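Rule-based calculations on the coordinates, nothing more; no lab input. Computed from a predicted structure; not experimentally measured. Cβ atoms come from the backbone with ideal geometry, glycine included; neighbour counts cover every protein chain shown.
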Amino acid sequence: DRAHEYLEKIEKSNINAYVQINKDRVLKEAEELEKNEKLKNKPLYGKLIAIKSNINVNGYTISCASKTLENYVSSYDATVVKKIKSQGGLVIGMTNMDEFACGSSGETSYYGATKNPNAEDRIPGGSSSGSAAAVAADLCDMALGSDTGGSIRNPASHCGVVGFKPSYGVVSRQGLCDLAMSFDQIGPLTKNAEDAFVLTNVIKGLDISDSTTVDTPKFEKKNIENYKIGIVKEFMDVSDEKIRNKIEEGIEVFKDLGCKIVELNYNYTDLALPTYYLINYVEFFSATRKYDGRRYGYPIEEVCGEEVLRRILIGKHISEKEFSGKYYKKALQARRLMKMEMLKLFKEVDVIASPTVPKLPHKIGEELTPMEMYAYDVLTVPTNICGMCAGVVKCGDINGIPVGLQIQGKPFDDEKVLSAMIEFE
Ligand code: GLN
């Protein structure tokens, strides 16, 4: 019945959150699930879960919101999808996104922009735009997104929902179409932090088909009283004043919970965007070589949008032998430095709280330069550069537009971050 309700709501909705819904299939699967006694006590029993269009679900079109793969129908379930199904979850449909997850606005999709349910003339953020918007508009119970440099957290912040990017290696990437494989993680977008906890526990775990995964014990909720919460001055300084003020109000909540606030400096904030984008371009260029039109889809360079093409061309250029020393290797050095210095901060604090995105979302269609678009990511990419985990919870709104508080933790401190998210709510 709930499947019915959601499907009807989706049909009436005009925010363009989904790119594929197979109504008959969802209803049939819901019916079958009801007869399945074995799944009744599972944590996701009957939950309707929206999946980002770069995660393989058997029988669905995994387009990555690109013309390149508009006819690519998947023949298998990604590890995370297998796990969701085994715990009683149902896939409700495939969500809209920035083309190949390249973007922070949701506007680069081949299927058109997704609207922000809180303010329909605004972007919902990206690249997991449809997943965040579907959760915010109550068009599913929960959703999966992917986060390479903020793509779960950025739209979670703009849409006013919860998003969590697990530490690199916690969740299997098998079945995820990669953007930049050394940064990518799959994670939940949910209506509350409790659900993010549950969904993360379901999808995580060692997977022999992704050698970067590690085995982590079940995450349990911890008491965060006496936690040291770091506030990085540079993270506050790059953010708009109104957003800063909201986050400062949020920090008061932690004080009331008995946490101690510690002021910190991170002098490598300026390195974040150049380091991230150089590595992203190189890894994305390499990942796209399989889209040459021979096995499936169209040759990517012939049909893709502007942003994807920019990354392919620059990625090719900077990874060529004569330039790689100048750019790519420098970026790898910067990455190591950023991580070392970041880990030092975590000797003094448990988690770091900050804004998620330094600006409010722009109006759909507004022309931003690539640099302006990339600037949205300055506070989210350090997490991925350093292999850390980070979650976003709503921290009030400005004229009806939500603002998300970001909580970052060091690699494999997922439990601490998730616990802090729950307590904050
Ligand atoms: N906005 C960032 C980019 O375009 C992050 C994307 C992502 O996390 N998938 O690369």
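With r as the distance between the Cβ atoms of Gln333 and Lys222 and R0 = 51 Å, compute the FRET efficiency 1/(1 + (r/R0)^6) and round to 0.05.
The computed FRET efficiency comes out at 0.90.
Based on alpha-carbon centroids, what's the gap between the stretch 14-52 and the stretch 307-330 in Å, whole number please?
42 Å
What residues qualify as long-range amide H neighbours of Asp413, i.e. H under 5 Å apart, gap of 5 or more or another chain, H built at 1.01 Å from N?
Amide H neighbours of Asp413, under 5 Å, 5+ apart: Cys389.
Just to be sure I understand the model, the point goes 7 Å from the Cα along the line to the Cβ. What's the resulting Lys344 to Val253 distance in nm?
The two pseudo-label positions are separated by 3.2 nm.
Add -39500 (n - 2.57) for each DSSP H run of 4 or more in the chain, then divide by its residues: what number comes out at 222 nm, to the nearest 500 deg cm²/dmol?
-11000 deg cm²/dmol
So, with +1 on the Cβ of K and R and -1 on the Cβ of D and E, and no other charges, what is the size of the charge dipole of the chain about its Cα centre, to the nearest 20 debye?
It comes to approximately 1060 debye.
Using the Kirkwood radius built from alpha carbon pairs, what does the Stokes-Einstein equation give as D for the stretch 2-203 at 4 °C and 1.567 mPa s, in µm² per second?
Here the translational diffusion coefficient equals 80 µm²/s.
How much of the DSSP bridge set in the chain is antiparallel, in percent, rounded to the nearest 5?
Here the share of antiparallel DSSP bridges comes out near 65 percent.
If you count, for each residue, the other Cβ atoms within 10 Å and average over each peptide, how do 167-174, 350-357, 261-268 line up from highest to lowest?
The packing order, highest mean first, is 350-357, 167-174, 261-268.
Sorted by packing (mean other beta-carbon atoms within 10 Å per residue), highest first, where do 23-33, 382-392 land?
With the highest mean Cβ count within 10 Å placed first, the list reads 382-392, 23-33.
What does the charge count near Lys9 come to, summing +1 for each Lys or Arg and -1 for each Asp or Glu among other residues with Cβ under 14 Å from its Cβ?
So the surrounding residues net to -3.
With only alpha-carbon pairs counted, each pair once and no self-pairs, how large is the Kirkwood hydrodynamic radius of the stretch 324-381 in angstroms?
Result for the stretch 324-381, one decimal place: 14.3 Å.
Based on DSSP H assignment, which helices of the chain show an axial Cα extent of at least 20 Å together with a mean Kyte-Doolittle hydropathy greater than or equal to 0.5?
Qualifying helices: 272-287.
Counting only DSSP beta bridges with both residues in the stretch 1-160, tell me the antiparallel percent, nearest 5.
Among the beta bridges of the stretch 1-160, antiparallel pairing accounts for roughly 35 percent.
Give the long-range amide H neighbours of Ile364: residues separated by 5 or more places, or on another chain, with amide H under 5 Å away, using H modelled in the peptide plane at 1.01 Å from N.
Arg122, Ile123
Sort 230-239, 82-91 by packing, meaning the average of other beta carbons within 10 Å per residue, with the highest value first.
Averaged packing, sorted descending, gives the order 82-91, 230-239.
Go through Gly205, Cys102, Ser157 and say which Cα lies farthest out towards the positive end of the charge dipole of the chain; charges sit on Cβ, +1 for Lys and Arg, -1 for Asp and Glu.
The Cα lying farthest towards the positive end belongs to Gly205.
I need the Kirkwood Rh of the chain: take the reciprocal of the average 1/r across all distinct C-alpha pairs and report it in angstrom.
Answer for the chain: a Kirkwood hydrodynamic radius of 21.2 Å.
Note the full-extension length gain between Leu206 and Asn71 as 0.36 nm times their separation in residues minus their Cα-Cα distance, in nm to one decimal.
45.5 nm
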